[in-house]
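Chemist: I'd like to ask you about the structure that follows.
None of the figures in this text is laboratory data; all of them are computed from the coordinates on show. Quick caveat: nothing in here was measured; it's all calculated off a predicted structure. FYI the Cβ positions are ideal-geometry reconstructions off the backbone, even for glycines, and counts take in every protein chain you see.
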Amino acid sequence: MDRLTYRIAVRLVPGGTGSAEAHALAVGAVVLVSGPRQAFPFVPKGPLLFVAGGIGITPILPMVHWSAVHGHDYRLVYTGRSRAAMPFLDELPISARVRVRTDEAGLPTSHELLADAPEGASLYVCGPTPLLEALRHAWSGPVHFERFAPPPIQDGDPFELRLGRGGPVVPVAANESALTALRRVNPDVAYSCRQGFCGTCEVRVVPGAVDHRGYLPSTEDGMLICVARAAGARVVLDM
Ligand code: FES
């Protein structure tokens with residue numbers, strides 16, 4: 001196992017500035033990075049079913065390699081639009097435990113994707129949100145997953161942000177995050193995971209502000225604006 005090198009995979013997203021910048025990097029370019037964040041821990045206990053959708057193979061691949069090397073009971077179903085759109089195909093173990101399923105035969109159903117599961121398996125899944133949600137719904141055993149994108153906001157209530165005491169008020173609609181609303185007025189607001197675990201988007205909240213009536217979830221220093229909401233209230237941000 002190589003503990004000195006990071007290998008990353010970035011899918012080029014049309015119109016995506018971050019991925020375009022990564023794809024424009026020249027060999028030898030120096031890039032400032034922060035340490036890795038683990039949001040998808042691998043706990044290889046009992047039989048395992050891995051399901052990967054497209055670039056979702058990235059975190060699954062080392063888990064599959066570990067399982068293959070250690071003789072662990074596992075199955076992998078790797079799905080994508082076409083083989084040309086599926087990275088790392090040539091790095092999959094050559095094994096009856098591995099199945100590649102392209103959409104050319106029609107979109108796979110949850111039932112089909114889960115049919116390879118060994119008895120009593122834990123499910124590890126990474127892929128687009130519809131795939132993730134369908135499998136989480138259909139699977140009754142333990143499930144571990146990683147999202148590419150923030151989860152959809154369900155049953156959200158609108159609220160307001162005030163930018164500093166006496167500053168402008170930014171309304172946050174029921175179906176958007178505070179981050180999305182804030183970036184409309186300030187596109188430079190920093191963010192990374194958009195799922196509440198990296199801390200990049202944390203903004204200090206003005207303590208004791210008259211119209212601060214609470215928000216959830218809260219952190220010691222402030223508000224993770226990618227996920228925190230303040231149903232019907234107004235939060236005063238220190239910015
Ligand atoms: S962007 Fe990662 S916690 Fe908000």
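Chemist: Treat each spin label as a single point 7 Å out from the Cα along the C-beta direction, and report the D103 to V10 distance in nm.
Modeler: Those two pseudo-labels are separated by 2.4 nm.
Chemist: So between E112 and Q195, what do we pick up on full extension, going 0.36 nm a residue minus the alpha carbon distance?
Modeler: Value of the extension gain: 27.0 nm.
Chemist: Once each part is reduced to its C-alpha centroid, what is the distance from region 46-71 to region 108-150 in angstrom?
Modeler: With region 46-71 and region 108-150 each reduced to a Cα centre, they are spaced 13 Å.
Chemist: Next up: Which percentage, to the nearest 5, of the DSSP beta bridges contained in the chain is antiparallel?
Modeler: 30 percent
Chemist: For the chain, what does the helix formula give at 222 nm: sum of -39500 (n - 2.57) over DSSP H segments with n ≥ 4, over the residue count, nearest 500 deg cm²/dmol?
Modeler: Calculated from helices alone, the mean residue ellipticity at 222 nm is -5000 deg cm²/dmol.
Chemist: Mind listing the long-range amide H neighbours of Y74? Cut-off is under 5 Å, sequence gap 5 or more, other chains count too, H placed in the peptide plane at 1.01 Å from N.
Modeler: Amide H neighbours of Y74, under 5 Å, 5+ apart: L48.
Chemist: Set the Förster distance to 45 Å, then compute FRET efficiency between T17 and K45 from the Cβ-Cβ distance, nearest 0.05.
Modeler: So, using R0 = 45 Å, E works out to roughly 0.65.
Chemist: Hey, another quick one. For I94 and S34 in one chain, what is 0.36 nm times their gap in residues minus the Cα-Cα distance, to one decimal in nm?
Modeler: 18.1 nm
Chemist: In the chain, which longest range has no GluC sites (Glu not before Pro) that are both DSSP loop (not H, G, I, E or B) and surrounded by at most 10 other Cβ atoms within 10 Å?
Modeler: So the longest stretch without any such site is 1-118.
Chemist: Something else: Label N186 and R204 with points 7 Å out from Cα along Cα→Cβ: what is the distance between them in nm?
Modeler: For N186 paired with R204, the spin-label model returns 1.2 nm.
Chemist: Taking 41 Å as R0, compute the FRET efficiency from the Cβ-Cβ separation of R81 and D157 and round it to 0.05.
Modeler: 0.65
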